[in-house]
């Protein structure tokens, strides 16, 4: 990101039905790879797509209301702030919302 | 490794290594010479070094064998192929060099000039000493038999003692060309040799001169029960008869028994006992009776000559076990280094626990009552191969024999060693009576042990030492064993060490009730959880969370275990939820470190065809598969496949999934079997294919690997599988369970020998279902089987002791019926939108290197 580009981008990455309940899918938003999750309670979450530990595909991870678990080494990351429950490096989380059936991510 | 020059020498130094020696004249240390580099001699040197003796003494060690010091107790596992030679090295040549010890390996000592204080060796060398320690051990006694030796006095080719690594190697080598073995001697060594040779596929007969097996340790009754267990293994036992003649002129061809019977063999193992090596002492004029006579400070009748271990006779006793030898080593090291110049040895009370031919045996003290008022309690269950007895005198335990069931050995050893008070109900010495205290009994045993009671007899490690190691930060049984050396001798105390470590570490763990839960997110042990699922008719993972989790909250790390459990309970009536599955199960492949997947088609029993191979080759080329690898499970792995390519690949392959990714039944390895192999006793490939057909895709608490072999040569490693099947001829198969050869290595336990392929499939199915219903999540069979106990498994699965066999079979059948090949299923239409969409589409990621 260059110093001149400071304003966040608001991007429609896909449709809500692209992400099945409890699962995640990866999208590209303004050049960033973002994993978007829809939990069974209806809430939406978005994180960076690859885990900082070993480049694991986070969208393939398992979820619950508190955390996302990376499929490669089972590190868990909190939705609230992206921090790891085991003290590993945190992941980035992005604001995401649903607007008229569209998934809107702010990166 | 560049060890060609020194191959064959255990614990050898790398070629080119050398050691600097101080000039003798400049060294003011006194000269300590040890004759004998076995378990006593080398341990003595260690004890001296531990007491700072390296500063006091210039140490020279003579060893008859060219090797470093190795664990002689472990020769049986080496012969059985269960341990490797390298595993049994205790002190390598490097260790001697590093500690400044002059090791004269392969140099035999001829005599000692006690007047001049010099050792004369066979290589002509003369070595002066200030203190001399004889630790010459024992040799295999060869009973007088016509023809056992050649005219030159050597043993007839094909005849072996069982005492050294060289003899063990020679026998191992002989197993490849010999088919029939006779083992002479029904003591511990003979039984172990017989079992080991039988494991190599040999026909084994055992000849014992006494009326029952292990007569030195066991009563007649216990001996007969052991005999039955040994015969069940397929070893023929001849008791109460001597062999009088060995046949064959160039090589052994058989033996003739005193009653005229002839037994043909091409291998003869003589394990008829050992005799102390006393030649050197006799030639040197020392006092020798049955062995070299020593006083309470292990001193011979020459004030500067000592004897320890099996060559020493103390207060009339000669010991043939390692523990007394190591006690000798400690006392003598105390005396010579001045650490405790008054240290004395007062004899050993010997308690041994061992595994003989697959049967657990523990013996201590006497095995039958000797006085009129001795109390004697016996529990004998010949059918189960169990015989337990205790002898009590004046309220003290003076003897115990445990055969086939050694669960009470910890308490009994304590009671025997220390005269601990005995329960009034004497039967509690031998069995746990259910009185509400129930399962806590075993733990009480550990908790009640006095702090200074010895746990590892080989290495003299006390309960206090183990607790100290735990308190000092050792976090695992392995670490404790490394730190304290507990369990590093014969290994028989390993389970007790584990119990104590768990007990000692319990302070923190005890407060964690989650330890008993099946998964962390639902506060219930497995049986309770299964009942609740059935009771509330919960058919999906989200329904389980909603009904049973605190606050109805889901838990990511519980989902996979719950999915497995629900599939088992409901079969095809389970409501699938993709998000409750691990990614491997969502896309039916094993995720790799770069986010790609591996594709392993089913290849039942490891048998394939040219057409199948051609198709795999075509697919690999078409999808530019970076690596094609033959797996350990006898299949072909296509690695580095992109997620989005998976469905098309499956279509092109047209083969079912091999389930190489799931916590499920994986594969059945087989050997060539009877179709082509000239040793094969039965059709192992056919049975392997049948087993794989029956169990394909069945989910389980952890992965399940099976193997079938056509003879006990075990080419497909059936002894170390979750379920291993071994043909033993005449349509009979041995079924082993709980084996492993991964991070844990464990030989499976023999569940039963059954007749016919259908019986194998039925028994394997019962076991599999019992495991599925009762094992904890991710608990492999190698933990499950010992936890439940082989006897329990036999009772439930063979005798239907709980009346659940029909239920088990129905449960398994439900899962068999629910099987659908996932590749055929999802290849047509994705289960969820974007099931095969790439999750790491654009950036370059760390890649597995492509060969």
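A few points about this structure:
- Matching residues, segment A:34-75, being more than 7 Å from chain B (Cβ to nearest Cβ), farther than 14 Å from residue B:582 by Cβ, touching a strand residue (DSSP E or B) at 6+ places or on another chain (Cβ under 7 Å) and in a loop (DSSP other than H, G, I, E, B): A:39, A:66, A:75
- Residues (out of contact with any helix residue (DSSP H, G or I) (no Cβ under 8 Å at 6 or more places or on another chain), surrounded by 23 or more Cβ atoms within 10 Å (Cβ to Cβ) and more than 20 Å from residue B:399 (Cβ to Cβ)) located in segment B:199-228: B:207
- Count of segment B:552-575 residues which are free of Cβ contacts under 8 Å to residues at least 60 places away in the same chain and within 21 Å of residue A:85 (Cα to Cα): 7
- Residue in segment B:293-310 that is within 21 Å of residue B:217 (Cα to Cα) and crowded, with 17+ Cβ neighbours inside 10 Å present: yes
- Residue under evaluation residue B:554, criteria (1) part of a loop (DSSP other than H, G, I, E, B); (2) more than 20 Å from residue B:702 (Cβ to Cβ); (3) in contact with a helix residue (DSSP H, G or I) (Cβ under 8 Å, 6 or more places away or on another chain); (4) more than 14 Å from chain A (Cβ to nearest Cβ), criterion not met: (4)
- So residue B:822, is it modelled with pLDDT under 95 and crowded, with 16+ Cβ neighbours inside 10 Å: yes
- All strands (runs of 3 or more DSSP E) inside segment B:227-337 with 1 or more residues being over 30 Å from residue B:130 (Cβ atoms) and in contact (Cβ under 8 Å) with a residue 60 or more places away in the chain: B:243-247, B:254-257, B:262-264, B:267-270, B:274-276
- Here residue B:675 clears all of (1) over 27 Å from the mean Cα position of the chain (by Cα); (2) part of a helix (DSSP H, G or I); (3) closer than 18 Å to residue B:727 by Cβ except the condition numbered (2).
- Leading residue by the ranking (surrounded by the fewest Cβ atoms within 10 Å (Cβ to Cβ)) among those in segment B:757-782 that are in contact with a strand residue (DSSP E or B) (Cβ under 7 Å, 6 or more places away or on another chain) and part of a loop (DSSP other than H, G, I, E, B): B:777
- Every residue from segment B:569-596 that is more than 10 Å from chain A (Cβ to nearest Cβ), outside any helix (DSSP H, G or I) and more than 29 Å from residue B:718 (Cβ to Cβ): B:574, B:575, B:576
- In segment B:102-123, the residues that are part of a loop (DSSP other than H, G, I, E, B) and within 33 Å of the chain's Cα centre (by Cα): B:106
- Failed item in (1) surrounded by 18 or more Cβ atoms within 10 Å (Cβ to Cβ); (2) in contact with a helix residue (DSSP H, G or I) (Cβ under 6 Å, 6 or more places away or on another chain); (3) closer than 24 Å to residue B:455 by Cα; (4) at pLDDT below 90, with residue B:385 passing the rest: (3)
- The number of residues in segment A:3-33 that are within 17 Å of residue A:104 (Cβ to Cβ) and more than 7 Å from every other protein chain (Cβ to nearest Cβ) comes to 17.
- Meets criteria (surrounded by 20 or more Cβ atoms within 10 Å (Cβ to Cβ), touching a helix residue (DSSP H, G or I) at 6+ places or on another chain (Cβ under 9 Å), away from chain A (no Cβ under 11 Å) and at pLDDT 95 or above) for residue B:496: no
Conditions (1) farther than 29 Å from residue B:325 by Cα; (2) part of a loop (DSSP other than H, G, I, E, B); (3) modelled with pLDDT of 90 or more, marked per residue:
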{"site": "B:153", "(1), (2), (3)": "yes, yes, no"}
{"site": "B:172", "(1), (2), (3)": "no, no, yes"}
{"site": "B:189", "(1), (2), (3)": "no, no, no"}
{"site": "B:213", "(1), (2), (3)": "no, yes, yes"}
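- If you go through segment B:783-815 and keep only what is within 24 Å of residue B:560 (Cα to Cα) and touching a strand residue (DSSP E or B) at 6+ places or on another chain (Cβ under 8 Å), you end up with B:785, B:815.
- Only listed residue being surrounded by fewer than 18 Cβ atoms within 10 Å (Cβ to Cβ) and touching a helix residue (DSSP H, G or I) at 6+ places or on another chain (Cβ under 7 Å), chosen from B:111, B:169, B:149, B:180: B:111
- Residue in segment B:532-541 that is assigned to a helix (DSSP H, G or I) and within 12 Å of chain A (Cβ to nearest Cβ) present: yes
- Odd one out for residue A:92 among (1) under 23 Å from residue B:593 (Cβ atoms); (2) touching a strand residue (DSSP E or B) at 6+ places or on another chain (Cβ under 7 Å); (3) at the interface with chain B (Cβ under 7 Å from one of its Cβ atoms): (3)
The values are calculated or read from the model by the stated rules, or taken from the named source; none is laboratory data. These figures come from a predicted structure and were not determined experimentally. Every residue, glycine among them, receives a Cβ derived from its backbone with ideal geometry; neighbour counts consider all protein chains shown.
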